[in-house]
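Accompanying notes for the structure given below.
The values are calculated or read from the model by the stated rules, or taken from the named source; none is laboratory data. Note that this is a predicted model, so its numbers are computed, not measured. Every residue, glycine as well, gets a Cβ built from its backbone with ideal geometry; the counts of neighbours run over all protein chains shown.
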Amino acid sequence: MKNRKRVLWVTNTAIFLALLIIAQAVLKSLGQYVLGTVNNLIFILTAVLLGFGSSVVVSLLSPLLAFFLGFGPAFPQIIPIVMLGNLAFSTIWVFIAGKGNNTNVLRFCISTAIAAVSKFLILWLGIVVIAVPLLSLPEKQAAVLSAAFSYPQLITASLGSFLAFFILPPLTRILKKEKKQN
């Protein structure tokens, strides 16, 4: 039974990681607002449906795999900061909204606010305030990188949360019904 649970955990985590990588490949051309929103939605789905462990794996591997597959981030020096921002976002969702608990509107709103602001602050401070000056980039490149990791992060985290508000309840009902049938 323990091995079955472990295999199920690995499989489910891999599915969400693959979903994230596919979304990055398919949506990259649609821009930061679409791609970022979907990425954050997948982080939330992973956190709430699968829990902390899977959430950590998906949050940390996402920017690393995206870099190696050529989807971004463009500078490997910022990957740890992106990982930290994703991890904070997902962790807050796990511990405030809770695994499987997605019907409590207050918890949902608190998770959205705290997670979005936390991710934004980590990315803005880590990349815009610290990393960009240390990278000694040309002015134009520094401006583009700074713009990408400032307020758009707050917007895409909030929009991903908004979408999760509508997707999670019916998805959870379907999964619970499926689980009862098996």
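Taking the stretch 43-57 as the region of interest, how many residues are touching a Leu at 6+ places or on another chain (Cβ under 9 Å) and surrounded by fewer than 23 Cβ atoms within 10 Å (Cβ to Cβ)?
Number of matching residues: 3.
Evaluating Lys99 against the criteria (1) part of a helix (DSSP H, G or I); (2) touching a helix residue (DSSP H, G or I) at 6+ places or on another chain (Cβ under 8 Å) leaves one unmet condition, (1). Checked against (1) farther than 16 Å from Ile42 by Cβ; (2) out of contact with any Pro (no Cβ under 8 Å at 6 or more places or on another chain), Ile79 passes all but a single condition, namely (2).
Somewhere in the stretch 120-136, is a residue modelled with pLDDT under 90 and either of a type outside the set (S, T, N, Q) or surrounded by fewer than 17 Cβ atoms within 10 Å (Cβ to Cβ) (or both)? Checking the stretch 120-136: at least one residue is modelled with pLDDT under 90 and either of a type outside the set (S, T, N, Q) or surrounded by fewer than 17 Cβ atoms within 10 Å (Cβ to Cβ) (or both). Evaluating Ser29 against the criteria (1) surrounded by fewer than 22 Cβ atoms within 10 Å (Cβ to Cβ); (2) closer than 18 Å to Ala157 by Cα; (3) among the hydroxyl-bearing types (Ser, Thr, Tyr) leaves one unmet condition, (2). How many of the residues in the stretch 143-167 are buried (at least 17 other Cβ atoms within 10 Å of the Cβ) and either over 15 Å from the mean Cα position of the chain (by Cα) or at pLDDT below 85 (or both)? So the answer is 3. Looking at the stretch 133-150 only, could you name the residues that are part of a helix (DSSP H, G or I) and closer than 22 Å to Asn40 by Cβ? Of everything in the stretch 133-150, those that are part of a helix (DSSP H, G or I) and closer than 22 Å to Asn40 by Cβ turn out to be Val144, Leu145, Ser146, Ala147, Ala148. Is one or more of the residues making up the stretch 60-68 in contact with a helix residue (DSSP H, G or I) (Cβ under 8 Å, 6 or more places away or on another chain), free of Cβ contacts under 8 Å to residues at least 40 places away in the same chain, more than 25 Å from Thr112 (Cβ to Cβ) and not β-branched (Val, Ile, Thr)? Yes: the stretch 60-68 contains one or more residues that are in contact with a helix residue (DSSP H, G or I) (Cβ under 8 Å, 6 or more places away or on another chain), free of Cβ contacts under 8 Å to residues at least 40 places away in the same chain, more than 25 Å from Thr112 (Cβ to Cβ) and not β-branched (Val, Ile, Thr). The lone criterion from (1) free of Cβ contacts under 8 Å to residues at least 24 places away in the same chain; (2) β-branched (Val, Ile, Thr); (3) closer than 18 Å to Ala116 by Cα left unmet by Thr156 is number (1).
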